[in-house]
Amino acid sequence: MVKVDNQIILRSEVEGIVAQEQARAQGKPLPPDLRCKILQSLVLSKLMLARADIDSVTVTDARVNSELDRRMNYFVQQVGSEKKLEEMYNKPVRVLKEDLRPRCATSWCSRRCRTRFRVK
């Protein structure tokens, strides 16, 4: 567990992303430092989220839903069909979207802060 400002990153969050990457890799080996890179990315996102909170940067449900739809369309396009995507993750698309919802909101706020403060 890692605490960044008032945000917490749980091991289960990192492992969930690792599981998604494993499913996407379809049996291909993953980089040995994947967990470290995931944690680093999550820490940066949480820092940006804390900054967004300080600066009152918010995201609307409509923006999150739009981003979720965009990501799901991309994933479906990559694997060929919605059914294949559900089989790959062993979850219906509805559940995949709900799993991604917090990350989409965080990601959007982080991107907005990065753009605003030109963080690279």
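Each reported figure results from applying straightforward, stated rules to the coordinates on display, with no laboratory input. Source: prediction; values computed, not measured. Every residue, glycine among them, receives a Cβ derived from its backbone with ideal geometry; neighbour counts consider all protein chains shown.
Expressed in nm to one decimal, what extension gain is obtained for the pair LYS84 and LYS3 from 0.36 nm per residue of sequence separation less their Cα-Cα distance?
That pair, LYS84 and LYS3, stretches by 25.5 nm at full extension.
For the chain, what is the calculated [θ] at 222 nm in deg cm²/dmol (nearest 500), taking -39500 (n - 2.57) for each run of four or more DSSP H residues and dividing by its residue count?
It comes out at -24500 deg cm²/dmol, rounded to the nearest 500.
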Subject >> Test item: Cα-centred dipole of the chain, Lys/Arg +1 and Asp/Glu -1 on Cβ, debye >> reply: 420 debye
**OP:** Could you pull out every one of the aspartates and glutamates with an alpha carbon less than 20 Å from that of LYS28, ignoring same-chain neighbours closer than 8 positions?
**Re:** GLU15, GLU86, GLU87
Original post:
Of (1) 15.3, 42; (2) 16.2, 46; (3) 16.0, 56, which one was derived for Rg and Dmax of the Cα atoms in Å from the structure shown?
Top reply: (1)
**OP:** Note the full-extension length gain between SER56 and CYS36 as 0.36 nm times their separation in residues minus their Cα-Cα distance, in nm to one decimal.
**Re:** 4.2 nm
**OP:** Given a cut-off of 24 Å, name the pairs among LYS37/LYS84; LYS46/LYS83; LYS46/LYS84; LYS46/LYS97 whose C-alpha atoms lie farther apart than that in the structure shown.
**Re:** LYS37/LYS84; LYS46/LYS83; LYS46/LYS84
**OP:** Round to the nearest 0.05 the FRET efficiency obtained for ASN65 and VAL18 when R0 = 35 Å and r is the Cβ-Cβ distance.
**Re:** 0.85
Subject >> Helix 61-79 axis, angle to the chain major axis (alpha carbon atoms, nearest 10°) >> reply: 30 degrees
Original post:
What list of ³J(HN,Hα) couplings, whole Hz, do you get for region 18-35 from phi and the Karplus terms 6.51, -1.76, 1.60, once you set θ to phi - 60° and write x for glycine and proline?
Top reply: 4, 4, 5, 5, 5, 5, 5, 6, 6, x, 6, x, 9, x, x, 9, 4, 4
